[in-house]
Every structure is written in C-alpha cells, then in structure tokens.
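Shown next, in structure tokens, is the structure this report addresses.
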C-alpha cells in the first residue's frame, strides 16, 4: 500500500516537473526562468527523497541534504544576477 502511494507521489512530481520545463521554455523574463529552475531543482530533490523512501535507501537522503544546501546557494546567486540585470 505504501509503495503504491509513493509511486503516485512520484507521478505527481513528474507532472510538476513537466510544468517547470514549460515555464523554463516560455518564461517571459529571466526572473521567471530562475524561479522555474529553482522549483525544478526542488522537485528533483523531492523525487529523490521519495525514491529513497520507496527503495529503503537512506544513503540517498545525504544527497538530498547536500542538494538543498547547493540549491540555497544557487538561489541566492541567481537572485543577485537577476537583480543586477534589472538595473
């Protein structure tokens, strides 16, 4: 029962990643594309965490933790870049 639920969550995450890709392609501004890229990375990390639970592989959670740190730093860098381009 839990595996079916985790599979459904993975399907929803794949659907949300498709929406992110659409926003990356047609995003009218750089800020939209940066936000979509950030969301896409978090969706990827969420899928990795769900996959770790489904496969019973707690080692993957270390990658999720490292990925959140890298994503936070990348978000700050992208925000500064977008802000600098708007001036």
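What angle do you read, to the nearest 10 degrees and between 0 and 90, between the alpha-carbon axis of helix 59-86 and the longest principal axis of the chain? The answer is roughly 10 degrees.
Classify region 17-63 from the C-alpha gyration tensor, please: rounded if a/c falls under 1.5, else prolate or oblate depending on whether a/b exceeds b/c. Could the numbers behind the result be given before it?
Values: a/c = 6.38, a/b = 2.92, b/c = 2.18.
Taking the square roots of the gyration eigenvalues as a ≥ b ≥ c, region 17-63 is prolate.
Computed over the Cα atoms of region 40-87, the ratio of the radius of gyration to the Kirkwood radius (Rg/Rh) comes to 1.19.
Between helix 2-26 and the chain there is an angle of about 20 degrees, using the helix long axis and the longest principal axis of the Cα atoms. If I compute Cα Rg over 2.2 N^0.38 Å from the structure I just sent, which labelled value in (1) 1.26; (2) 1.15; (3) 1.60 lines up? Among (1) 1.26; (2) 1.15; (3) 1.60, the one calculated here is (1).
Cα axis of helix 30-55 to longest principal axis of the chain: angle in degrees, 0 to 90, nearest 10? Here the helix axis deviates by roughly 10 degrees.
A short reminder: the numbers here are calculations on the coordinates, not readings from a lab. Keep in mind it's a predicted model, so treat the numbers as computed, not measured.
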